[in-house]
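This report refers to the structure that appears directly beneath it.
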Amino acid sequence: MSAIQAPRGTFDVLPADAARRAVLEDRAHRVLGAAGYARIETPTFEATELFARGVGESTDIVQKEMYTFDDGGGRSLTLRPEGTAPVCRAYLEHGMHKLAQPVKLWYLSSFYRAEAPQRGRYRQFWQVGAEAIGSPSAETDAELILLLAELLGTVGVREVRLRLSSLGTPATRAEYREELTAFLHAHEDGLSPEVVSRIDLNPMRAFDADDRSTAATMRDAPLLLDRLAPADAEHFARVRELLDAAEQPYELDPTLVRGLDYYARTVFEFASDALGAQSGVGGGGRYDGLIEQLGGSPTPASGWAAGVERMLLAAGDLPVAAEAVDLFVAQAAPEAASGAFALAHEARHAGLRAQMELAGRSLKGQLRHADRVGARYVAIVGPPGEGVGFRDMESGDQTELEARSVIARVLRGSSL
Ligand code: ATP
Ligand code: MG
(Lines give C-alpha, C1' and ligand atoms only; values in the text may rest on other atoms or scores of the structure.)
(Ligands and ions follow the chains in the order given, each with its own letter.)
Protein backbone atom coordinates (compact mmCIF):
# COMPACT_ATOMS: atom_id res chain seq x y z
CA MET A 1 0.00 0.00 0.00
CA SER A 2 1.31 3.46 -0.78
CA ALA A 3 1.68 5.87 2.11
CA ILE A 4 -0.83 8.68 2.46
CA GLN A 5 0.49 12.22 2.17
CA ALA A 6 -0.82 15.56 3.37
CA PRO A 7 -3.09 17.27 0.79
CA ARG A 8 -1.50 19.55 -1.81
CA GLY A 9 -0.97 23.06 -0.54
CA THR A 10 -0.93 22.02 3.13
CA PHE A 11 2.07 21.38 5.36
CA ASP A 12 2.97 19.88 8.69
CA VAL A 13 4.26 22.20 11.37
CA LEU A 14 7.19 20.13 12.65
CA PRO A 15 8.71 20.85 16.07
CA ALA A 16 11.44 23.19 14.79
CA ASP A 17 8.83 25.22 12.86
CA ALA A 18 6.48 25.14 15.83
CA ALA A 19 9.19 26.73 17.97
CA ARG A 20 9.64 29.61 15.49
CA ARG A 21 5.88 30.06 15.30
CA ALA A 22 5.68 30.19 19.06
CA VAL A 23 8.21 33.03 19.05
CA LEU A 24 6.14 34.90 16.47
CA GLU A 25 2.96 34.34 18.46
CA ASP A 26 4.66 35.64 21.56
CA ARG A 27 5.84 38.77 19.74
CA ALA A 28 2.36 39.39 18.30
CA HIS A 29 0.89 39.00 21.75
CA ARG A 30 3.36 41.47 23.20
CA VAL A 31 3.06 44.11 20.45
CA LEU A 32 -0.74 43.98 20.17
CA GLY A 33 -1.51 43.27 23.81
CA ALA A 34 0.58 46.27 24.87
CA ALA A 35 -1.59 48.50 22.67
CA GLY A 36 -4.79 47.18 24.23
CA TYR A 37 -5.78 44.65 21.61
CA ALA A 38 -7.43 41.54 23.08
CA ARG A 39 -7.26 38.13 21.48
CA ILE A 40 -10.30 36.62 19.79
CA GLU A 41 -10.85 33.24 18.14
CA THR A 42 -13.79 32.59 15.84
CA PRO A 43 -14.93 29.24 14.39
CA THR A 44 -12.99 27.57 11.58
CA PHE A 45 -16.11 27.55 9.42
CA GLU A 46 -18.93 30.02 9.02
CA ALA A 47 -22.11 30.44 7.01
CA THR A 48 -21.08 30.94 3.37
CA GLU A 49 -23.30 34.00 3.29
CA LEU A 50 -20.95 35.77 5.71
CA PHE A 51 -18.13 35.79 3.19
CA ALA A 52 -20.37 36.38 0.16
CA ARG A 53 -21.62 39.54 1.88
CA GLY A 54 -18.56 40.43 3.91
CA VAL A 55 -15.74 39.86 1.43
CA GLY A 56 -17.61 40.71 -1.74
CA GLU A 57 -19.05 38.69 -4.62
CA SER A 58 -16.60 40.12 -7.15
CA THR A 59 -13.44 39.21 -5.24
CA ASP A 60 -11.09 36.36 -6.16
CA ILE A 61 -11.70 34.91 -2.70
CA VAL A 62 -15.45 34.53 -3.16
CA GLN A 63 -15.35 33.78 -6.86
CA LYS A 64 -12.84 30.95 -6.80
CA GLU A 65 -10.92 30.43 -3.56
CA MET A 66 -13.48 29.25 -1.00
CA TYR A 67 -13.84 25.73 0.39
CA THR A 68 -17.60 25.51 0.59
CA PHE A 69 -19.60 22.47 1.70
CA ASP A 70 -23.03 21.42 2.75
CA ASP A 71 -23.47 20.80 6.48
CA GLY A 72 -25.64 17.78 5.73
CA GLY A 73 -28.84 19.69 6.44
CA GLY A 74 -28.90 21.93 3.38
CA ARG A 75 -26.99 24.85 4.88
CA SER A 76 -23.92 26.09 3.06
CA LEU A 77 -20.78 26.47 5.17
CA THR A 78 -17.32 27.73 4.19
CA LEU A 79 -13.89 27.26 5.75
CA ARG A 80 -12.89 30.81 6.71
CA PRO A 81 -10.75 32.39 3.95
CA GLU A 82 -10.05 35.53 5.99
CA GLY A 83 -10.63 36.91 9.47
CA THR A 84 -12.24 40.34 9.20
CA ALA A 85 -15.78 39.27 8.32
CA PRO A 86 -15.87 36.66 11.14
CA VAL A 87 -14.57 39.17 13.69
CA CYS A 88 -17.23 41.68 12.59
CA ARG A 89 -19.88 38.97 12.82
CA ALA A 90 -18.72 38.26 16.38
CA TYR A 91 -18.78 42.00 17.17
CA LEU A 92 -22.43 42.14 16.10
CA GLU A 93 -23.47 38.81 17.56
CA HIS A 94 -22.12 39.70 21.00
CA GLY A 95 -23.36 43.28 21.02
CA MET A 96 -19.84 44.67 21.31
CA HIS A 97 -21.11 48.07 20.18
CA LYS A 98 -22.16 48.47 23.82
CA LEU A 99 -18.53 48.28 24.95
CA ALA A 100 -16.16 51.25 24.96
CA GLN A 101 -15.25 51.98 21.35
CA PRO A 102 -13.20 51.16 19.44
CA VAL A 103 -13.21 47.48 20.30
CA LYS A 104 -9.66 46.35 19.59
CA LEU A 105 -9.18 42.67 18.78
CA TRP A 106 -6.41 40.49 17.42
CA TYR A 107 -6.23 36.91 16.24
CA LEU A 108 -3.81 34.27 15.12
CA SER A 109 -5.76 31.65 13.22
CA SER A 110 -5.67 29.29 10.25
CA PHE A 111 -7.34 30.27 6.98
CA TYR A 112 -8.25 28.30 3.88
CA ARG A 113 -8.12 29.28 0.22
CA ALA A 114 -8.26 27.06 -2.86
CA GLU A 115 -5.23 28.55 -4.59
CA ALA A 116 -2.44 27.14 -6.75
CA PRO A 117 0.17 26.19 -4.11
CA GLN A 118 3.65 27.68 -4.35
CA ARG A 119 6.28 29.04 -1.99
CA GLY A 120 4.48 31.38 0.41
CA ARG A 121 1.06 30.43 -0.96
CA TYR A 122 -0.81 27.55 0.62
CA ARG A 123 -4.34 26.20 0.90
CA GLN A 124 -4.19 26.23 4.67
CA PHE A 125 -2.16 29.07 6.13
CA TRP A 126 -2.08 31.24 9.21
CA GLN A 127 -2.58 34.94 9.70
CA VAL A 128 -2.07 37.34 12.54
CA GLY A 129 -4.72 40.01 12.30
CA ALA A 130 -5.79 43.10 14.21
CA GLU A 131 -9.10 44.96 13.99
CA ALA A 132 -10.21 48.21 15.67
CA ILE A 133 -13.99 48.46 15.37
CA GLY A 134 -15.89 51.64 16.19
CA SER A 135 -13.53 54.50 15.42
CA PRO A 136 -13.41 56.60 12.25
CA SER A 137 -10.17 58.33 13.23
CA ALA A 138 -7.04 58.64 11.16
CA GLU A 139 -5.16 57.95 14.41
CA THR A 140 -6.67 54.45 14.48
CA ASP A 141 -5.44 53.76 10.95
CA ALA A 142 -1.97 55.14 11.68
CA GLU A 143 -1.77 53.20 14.96
CA LEU A 144 -2.69 49.97 13.19
CA ILE A 145 -0.09 50.55 10.48
CA LEU A 146 2.60 51.27 13.06
CA LEU A 147 1.66 48.17 15.05
CA LEU A 148 2.09 45.97 12.00
CA ALA A 149 5.40 47.69 11.24
CA GLU A 150 6.43 47.04 14.84
CA LEU A 151 5.45 43.38 14.62
CA LEU A 152 7.37 42.90 11.37
CA GLY A 153 10.33 44.65 12.98
CA THR A 154 10.36 42.54 16.14
CA VAL A 155 10.01 39.35 14.11
CA GLY A 156 12.92 40.49 11.96
CA VAL A 157 11.14 40.56 8.60
CA ARG A 158 13.72 41.86 6.16
CA GLU A 159 13.54 44.44 3.36
CA VAL A 160 10.09 45.67 4.24
CA ARG A 161 8.33 48.28 2.10
CA LEU A 162 5.03 49.93 2.96
CA ARG A 163 2.67 51.04 0.21
CA LEU A 164 -0.13 53.38 1.15
CA SER A 165 -3.17 54.82 -0.51
CA SER A 166 -6.75 55.94 0.05
CA LEU A 167 -9.82 54.60 -1.68
CA GLY A 168 -12.09 57.43 -0.62
CA THR A 169 -15.68 56.74 0.36
CA PRO A 170 -18.13 54.59 -1.59
CA ALA A 171 -19.75 57.64 -3.23
CA THR A 172 -16.42 58.92 -4.53
CA ARG A 173 -15.50 55.44 -5.64
CA ALA A 174 -18.77 54.99 -7.50
CA GLU A 175 -18.18 58.20 -9.45
CA TYR A 176 -14.56 57.34 -10.04
CA ARG A 177 -15.53 53.83 -11.07
CA GLU A 178 -17.71 55.27 -13.84
CA GLU A 179 -14.90 57.50 -15.01
CA LEU A 180 -12.41 54.62 -14.97
CA THR A 181 -14.81 52.21 -16.66
CA ALA A 182 -15.36 54.73 -19.45
CA PHE A 183 -11.59 55.16 -19.79
CA LEU A 184 -11.05 51.38 -19.97
CA HIS A 185 -13.77 50.87 -22.60
CA ALA A 186 -12.28 53.70 -24.65
CA HIS A 187 -8.86 51.99 -24.51
CA GLU A 188 -9.84 48.32 -24.88
CA ASP A 189 -7.34 47.87 -27.73
CA GLY A 190 -4.48 48.41 -25.30
CA LEU A 191 -5.77 46.03 -22.62
CA SER A 192 -5.35 42.27 -22.20
CA PRO A 193 -8.48 40.19 -22.91
CA GLU A 194 -8.67 39.17 -19.24
CA VAL A 195 -8.72 42.80 -18.13
CA VAL A 196 -11.32 43.66 -20.79
CA SER A 197 -13.53 40.81 -19.60
CA ARG A 198 -13.45 42.19 -16.04
CA ILE A 199 -13.95 45.89 -16.79
CA ASP A 200 -17.53 46.02 -15.62
CA LEU A 201 -17.08 43.57 -12.74
CA ASN A 202 -14.07 45.26 -11.13
CA PRO A 203 -12.32 47.98 -13.16
CA MET A 204 -9.77 48.73 -10.40
CA ARG A 205 -8.20 45.34 -11.03
CA ALA A 206 -6.86 46.69 -14.32
CA PHE A 207 -4.13 48.45 -12.30
CA ASP A 208 -3.03 45.02 -11.00
CA ALA A 209 -2.45 43.45 -14.42
CA ASP A 210 1.20 43.01 -15.25
CA ASP A 211 1.14 42.51 -19.00
CA ARG A 212 3.10 45.25 -20.69
CA SER A 213 0.42 46.69 -22.95
CA THR A 214 -2.14 46.96 -20.14
CA ALA A 215 0.46 48.54 -17.85
CA ALA A 216 1.34 51.12 -20.53
CA THR A 217 -2.32 51.95 -21.14
CA MET A 218 -2.97 52.31 -17.43
CA ARG A 219 -0.27 54.97 -17.09
CA ASP A 220 -2.78 57.46 -18.54
CA ALA A 221 -5.73 56.23 -16.51
CA PRO A 222 -7.41 58.60 -14.02
CA LEU A 223 -6.37 58.00 -10.40
CA LEU A 224 -8.77 57.73 -7.49
CA LEU A 225 -6.27 59.51 -5.26
CA ASP A 226 -6.75 62.63 -7.43
CA ARG A 227 -10.53 62.44 -7.05
CA LEU A 228 -10.92 62.15 -3.27
CA ALA A 229 -13.69 64.24 -1.69
CA PRO A 230 -12.30 66.95 0.64
CA ALA A 231 -13.14 65.04 3.87
CA ASP A 232 -11.42 61.90 2.55
CA ALA A 233 -8.40 63.83 1.35
CA GLU A 234 -8.17 65.44 4.78
CA HIS A 235 -8.41 62.05 6.53
CA PHE A 236 -5.66 60.70 4.30
CA ALA A 237 -3.45 63.73 4.86
CA ARG A 238 -3.81 63.21 8.62
CA VAL A 239 -2.81 59.53 8.35
CA ARG A 240 0.27 60.57 6.40
CA GLU A 241 1.10 63.30 8.88
CA LEU A 242 0.99 60.79 11.75
CA LEU A 243 3.17 58.29 9.89
CA ASP A 244 5.63 61.03 9.01
CA ALA A 245 5.78 62.12 12.64
CA ALA A 246 6.47 58.51 13.64
CA GLU A 247 9.18 58.39 10.95
CA GLN A 248 7.49 55.44 9.30
CA PRO A 249 8.59 55.36 5.65
CA TYR A 250 6.00 54.57 2.97
CA GLU A 251 5.44 54.87 -0.75
CA LEU A 252 2.27 56.43 -2.04
CA ASP A 253 0.75 53.98 -4.46
CA PRO A 254 -2.42 55.30 -6.06
CA THR A 255 -2.93 51.96 -7.84
CA LEU A 256 -2.93 49.92 -4.64
CA VAL A 257 -5.94 47.65 -4.83
CA ARG A 258 -6.80 45.40 -1.96
CA GLY A 259 -8.31 42.01 -2.70
CA LEU A 260 -11.39 42.67 -0.60
CA ASP A 261 -14.36 44.82 -1.62
CA TYR A 262 -15.16 46.44 1.68
CA TYR A 263 -12.29 48.89 2.06
CA ALA A 264 -12.85 52.65 2.19
CA ARG A 265 -10.35 55.44 2.76
CA THR A 266 -6.99 54.15 4.03
CA VAL A 267 -5.48 51.03 2.42
CA PHE A 268 -1.95 49.73 2.87
CA GLU A 269 0.26 46.77 2.19
CA PHE A 270 3.63 45.67 3.53
CA ALA A 271 5.82 43.73 1.12
CA SER A 272 9.21 42.16 1.65
CA ASP A 273 11.80 42.09 -1.12
CA ALA A 274 13.31 39.11 0.68
CA LEU A 275 10.38 37.07 -0.69
CA GLY A 276 10.08 36.11 -4.33
CA ALA A 277 6.88 36.47 -6.32
CA GLN A 278 4.64 36.23 -3.24
CA SER A 279 6.02 39.42 -1.74
CA GLY A 280 2.93 40.58 0.18
CA VAL A 281 3.50 40.07 3.89
CA GLY A 282 0.44 41.78 5.24
CA GLY A 283 -2.01 44.52 4.59
CA GLY A 284 -5.31 46.03 5.43
CA GLY A 285 -7.18 49.25 5.70
CA ARG A 286 -10.37 50.94 6.71
CA TYR A 287 -13.64 49.10 6.11
CA ASP A 288 -16.33 51.52 7.27
CA GLY A 289 -19.05 49.82 5.23
CA LEU A 290 -18.62 46.23 6.36
CA ILE A 291 -20.54 46.09 9.64
CA GLU A 292 -23.59 47.62 7.96
CA GLN A 293 -23.17 45.17 5.09
CA LEU A 294 -23.43 42.40 7.69
CA GLY A 295 -26.67 43.75 9.13
CA GLY A 296 -25.37 46.08 11.85
CA SER A 297 -25.73 49.82 12.07
CA PRO A 298 -23.06 51.87 10.28
CA THR A 299 -19.82 51.38 12.24
CA PRO A 300 -16.40 52.64 11.18
CA ALA A 301 -13.59 50.10 11.47
CA SER A 302 -10.05 49.45 10.42
CA GLY A 303 -7.66 46.50 10.48
CA TRP A 304 -5.01 44.32 8.89
CA ALA A 305 -3.89 40.75 8.44
CA ALA A 306 -0.38 39.41 7.95
CA GLY A 307 0.64 35.95 6.75
CA VAL A 308 2.52 33.91 9.35
CA GLU A 309 4.37 31.75 6.82
CA ARG A 310 5.44 34.75 4.76
CA MET A 311 6.62 36.62 7.85
CA LEU A 312 8.68 33.59 8.83
CA LEU A 313 10.02 33.15 5.29
CA ALA A 314 11.12 36.78 5.23
CA ALA A 315 12.47 36.77 8.78
CA GLY A 316 16.03 35.94 9.72
CA ASP A 317 16.86 33.55 12.52
CA LEU A 318 14.57 33.77 15.50
CA PRO A 319 16.03 33.14 18.92
CA VAL A 320 14.42 29.78 19.57
CA ALA A 321 15.30 28.63 23.07
CA ALA A 322 15.85 24.90 23.45
CA GLU A 323 13.58 23.31 26.02
CA ALA A 324 15.80 22.82 29.09
CA VAL A 325 15.85 19.48 30.93
CA ASP A 326 16.54 19.66 34.66
CA LEU A 327 16.61 15.96 35.34
CA PHE A 328 16.86 12.77 33.34
CA VAL A 329 15.80 9.68 35.25
CA ALA A 330 17.78 6.63 34.15
CA GLN A 331 17.37 3.10 35.42
CA ALA A 332 20.25 0.87 36.42
CA ALA A 333 18.25 -2.33 35.85
CA PRO A 334 14.78 -3.34 34.58
CA GLU A 335 13.60 -3.82 38.19
CA ALA A 336 14.17 -0.09 38.72
CA ALA A 337 11.45 0.90 36.22
CA SER A 338 8.71 1.60 38.79
CA GLY A 339 11.02 3.61 41.03
CA ALA A 340 12.28 5.62 38.05
CA PHE A 341 8.74 6.28 36.85
CA ALA A 342 7.66 7.48 40.29
CA LEU A 343 10.68 9.77 40.62
CA ALA A 344 10.13 11.39 37.21
CA HIS A 345 6.45 11.91 37.99
CA GLU A 346 7.21 13.45 41.36
CA ALA A 347 9.91 15.67 39.87
CA ARG A 348 7.45 17.11 37.33
CA HIS A 349 4.91 17.65 40.07
CA ALA A 350 7.56 19.64 41.91
CA GLY A 351 7.93 21.87 38.85
CA LEU A 352 11.06 20.32 37.36
CA ARG A 353 11.51 19.61 33.68
CA ALA A 354 12.09 15.90 33.91
CA GLN A 355 12.32 13.09 31.38
CA MET A 356 12.76 9.38 31.89
CA GLU A 357 14.04 6.48 29.88
CA LEU A 358 11.29 5.15 27.62
CA ALA A 359 13.13 3.12 24.99
CA GLY A 360 14.85 0.34 26.94
CA ARG A 361 18.39 1.61 26.34
CA SER A 362 21.41 0.19 28.16
CA LEU A 363 22.65 2.35 31.03
CA LYS A 364 25.41 3.67 28.78
CA GLY A 365 22.82 4.46 26.11
CA GLN A 366 20.66 6.24 28.66
CA LEU A 367 23.52 8.49 29.74
CA ARG A 368 24.28 9.27 26.11
CA HIS A 369 20.62 10.11 25.58
CA ALA A 370 20.52 12.31 28.71
CA ASP A 371 23.46 14.20 27.27
CA ARG A 372 21.71 14.52 23.89
CA VAL A 373 18.58 16.06 25.42
CA GLY A 374 20.76 18.44 27.43
CA ALA A 375 19.88 17.17 30.92
CA ARG A 376 21.50 19.11 33.77
CA TYR A 377 21.39 16.16 36.19
CA VAL A 378 20.84 12.43 35.80
CA ALA A 379 19.39 10.20 38.50
CA ILE A 380 20.34 6.56 38.01
CA VAL A 381 17.67 4.66 39.90
CA GLY A 382 18.61 1.23 41.25
CA PRO A 383 16.36 -1.71 42.13
CA PRO A 384 13.99 -1.22 45.10
CA GLY A 385 15.85 -0.57 48.34
CA GLU A 386 19.01 0.67 46.68
CA GLY A 387 20.13 4.29 46.43
CA VAL A 388 20.27 6.58 43.45
CA GLY A 389 23.39 7.49 41.54
CA PHE A 390 23.20 11.23 41.07
CA ARG A 391 25.30 12.67 38.28
CA ASP A 392 26.07 16.30 37.48
CA MET A 393 26.26 16.36 33.69
CA GLU A 394 28.26 19.58 33.64
CA SER A 395 31.12 18.39 35.84
CA GLY A 396 30.67 14.64 35.28
CA ASP A 397 30.84 14.07 39.06
CA GLN A 398 28.61 11.41 40.58
CA THR A 399 27.48 10.73 44.18
CA GLU A 400 25.03 8.40 45.89
CA LEU A 401 21.75 9.85 47.19
CA GLU A 402 18.61 8.51 48.76
CA ALA A 403 15.76 8.54 46.25
CA ARG A 404 13.70 10.94 48.36
CA SER A 405 16.40 13.64 48.41
CA VAL A 406 16.95 13.76 44.62
CA ILE A 407 14.33 16.41 43.86
CA ALA A 408 15.48 18.76 46.62
CA ARG A 409 19.03 18.33 45.34
CA VAL A 410 18.04 19.32 41.77
CA LEU A 411 16.00 22.25 43.03
CA ARG A 412 19.01 23.45 45.00
CA GLY A 413 21.07 23.33 41.77
CA SER A 414 24.78 24.18 41.55
CA SER A 415 27.48 21.62 40.91
CA LEU A 416 28.23 18.65 43.11
P1 ATP B 1 -1.84 37.80 -2.38
O2 ATP B 1 -1.90 39.03 -3.21
O3 ATP B 1 -0.46 37.31 -2.12
O4 ATP B 1 -2.77 36.73 -2.86
P5 ATP B 1 -3.90 38.68 -0.63
O6 ATP B 1 -4.15 40.06 -1.05
O7 ATP B 1 -4.82 37.60 -1.09
O8 ATP B 1 -2.38 38.26 -0.95
P9 ATP B 1 -4.77 39.14 2.06
O10 ATP B 1 -6.11 38.57 1.81
O11 ATP B 1 -4.64 40.59 2.23
O12 ATP B 1 -3.76 38.63 0.95
O13 ATP B 1 -4.11 38.40 3.30
C14 ATP B 1 -3.10 39.01 4.10
C15 ATP B 1 -1.83 38.22 4.06
O16 ATP B 1 -2.06 36.84 4.23
C17 ATP B 1 -1.05 38.30 2.78
O18 ATP B 1 -0.29 39.47 2.73
C19 ATP B 1 -0.17 37.08 2.86
O20 ATP B 1 0.95 37.32 3.70
C21 ATP B 1 -1.07 36.10 3.55
N22 ATP B 1 -1.70 35.17 2.59
C23 ATP B 1 -2.76 35.41 1.79
N24 ATP B 1 -3.07 34.31 1.06
C25 ATP B 1 -2.18 33.35 1.44
C26 ATP B 1 -1.96 31.98 1.07
N27 ATP B 1 -2.75 31.38 0.18
N28 ATP B 1 -0.94 31.30 1.66
C29 ATP B 1 -0.15 31.91 2.58
N30 ATP B 1 -0.30 33.18 2.97
C31 ATP B 1 -1.29 33.90 2.41
MG1 MG C 1 -4.76 36.30 -2.70
Inset, instruction - For the chain, with all protein chains present and a 1.4 Å probe, just round the carbon and sulfur fraction of the accessible area to a whole percent. - result: 52 percent
Inset, instruction - Give the residue from ALA182, LEU152, ILE199 lying farthest towards the positive end of the charge dipole for the stretch 151-201; charges sit on Cβ (+1 for Lys and Arg, -1 for Asp and Glu) and the dipole is referred to the Cα centre. - result: LEU152
Legend entry - Of every Cα-Cα pair in the stretch 226-357, the percent that sits beyond 17 Å: 75 percent
Inset, instruction - Using the Cα centre as the reference, give the magnitude of the dipole from point charges on the C-beta atoms of the chain (Lys, Arg: +1; Asp, Glu: -1; all else neutral), rounded to the nearest 20 debye. - result: 1160 debye
Legend entry - Label point at ARG177 placed 7 Å out along Cα→Cβ; residues across the stretch 198-214 whose backbone nitrogen lies under 20 Å: 198-209
Legend entry - Cα gyration tensor shape for the stretch 108-199, rounded if a/c is under 1.5, else prolate or oblate: oblate
Inset, instruction - Leaving out ligands and nucleic acids, note down the accessible area per residue over the stretch 90-212 with a 1.4 angstrom probe, in whole Å². - result: 46 Å²
Inset, instruction - Note the angle between two axes, namely the Cα long axis of helix 337-349 and the longest principal axis of the Cα atoms of the chain, as a number of degrees from 0 to 90, rounded to the nearest 10. - result: 50 degrees
Inset, instruction - Scan around SER166 for amide H atoms under 5 Å from its own, H built in the peptide plane at 1.01 Å from N, and keep only partners 5 or more places away or cross-chain. - result: VAL267
Legend entry - Per-pair calculated FRET efficiency, R0 = 60 Å: GLU139 and ALA337 via Cβ, rounded to 0.05: 0.40
Inset, instruction - State the answer as a single residue: which of VAL308, THR266, GLY280 lies farthest towards the positive end of the charge dipole of the stretch 223-369, with beta carbon charges of +1 for Lys and Arg and -1 for Asp and Glu, about the Cα centre. - result: VAL308
Inset, instruction - Counting other Cβ atoms within 10 Å, keep those with at most 15, restrict to DSSP loop, and tell me which trypsin sites (Lys or Arg not before Pro) in the stretch 1-98 are left. - result: ARG8, ARG75
Inset, instruction - For every helix of n ≥ 4 consecutive DSSP H residues, a contribution of -39,500 (n - 2.57) applies; sum these over the chain, divide by its total residues, and give [θ] at 222 nm rounded to the nearest 500 deg cm²/dmol. - result: -10000 deg cm²/dmol
Inset, instruction - Could you state the angle between the C-alpha long axis of helix 230-245 and the longest principal axis of the C-alpha atoms of the chain, as a value from 0 to 90 degrees rounded to the nearest 10? - result: 40 degrees
Inset, instruction - Take every DSSP beta bridge with both residues inside the stretch 325-412 and express the antiparallel ones as a percent of the total, to the nearest 5. - result: 50 percent
Legend entry - Residue-by-residue Karplus 3J(HN,Hα) for the stretch 278-291, coefficients 6.51, -1.76, 1.60, Hz, glycine and proline x: 8, 8, x, 9, x, x, x, x, 8, 10, 4, x, 5, 4
Inset, instruction - Give the calculated FRET efficiency between ARG353 and ARG39 to the nearest 0.05, with a Förster radius of 30 Å applied to their Cβ-Cβ distance. - result: 0.65
Legend entry - Extension gain from ARG361 to ARG238, taking 0.36 nm per residue of separation minus the Cα-Cα distance: 37.5 nm
Legend entry - Karplus-derived 3J(HN,Hα), 6.51/-1.76/1.60, for each residue of the stretch 262-267, Hz, glycine and proline x: 8, 6, 9, 6, 4, 9
Legend entry - Probe 1.4 Å, accessible area per residue of the stretch 289-416, Å²: 52 Å²
Inset, instruction - Return the single residue from ALA142, ALA332, ALA116 with maximal mean-square fluctuation; model: Gaussian network over the chain, springs between Cα atoms under 10 Å. - result: ALA332
Legend entry - Overall form of the stretch 325-412 per C-alpha gyration tensor (a/c, 1.5; a/b vs b/c): rounded
Inset, instruction - Would you kindly derive the ³J(HN,Hα) couplings of the stretch 40-54 from the backbone phi angles with the Karplus curve 6.51 cos²θ - 1.76 cosθ + 1.60 (θ = phi - 60°), listing them in order in whole Hz, with x for Gly and Pro? - result: 9, 9, 10, x, 5, 10, 9, 4, 4, 3, 4, 7, 4, 7, x
Inset, instruction - Output the relative contact order of the chain, whole-number percent, from Cα pairs under 8 angstrom with separation of 6+ residues. - result: 16 percent
Legend entry - Convex hull per residue volume in Å³, alpha carbons only, for the chain: 221 Å³
Legend entry - Cα gyration tensor shape of the stretch 1-158, rounded if a/c is under 1.5, else prolate or oblate by comparing a/b with b/c: oblate
Inset, instruction - Could you pull out which residues in the stretch 115-147 have an amide N less than 12 Å from a spot 7 Å beyond the Cα of ALA245, following the Cα-Cβ vector? - result: 138-140, 142-143
Legend entry - Cα-based helix-to-principal-axis angle, 170-186 vs the chain, degrees rounded to 10: 70 degrees
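The values are calculated or read from the model by the stated rules, or taken from the named source; none is laboratory data. The model shown is predicted, which means the values in this text are computed figures rather than measured ones. Here Cβ is always computed from backbone atoms with ideal geometry, including for glycine, and neighbour counts include all displayed protein chains. Ligands, DNA and RNA are stripped out before the accessible areas are found, and what is left, the full protein with its side chains, is counted by its heavy atoms. Shrake-Rupley method; radii C 1.70, N 1.55, O 1.52, S 1.80 Å.
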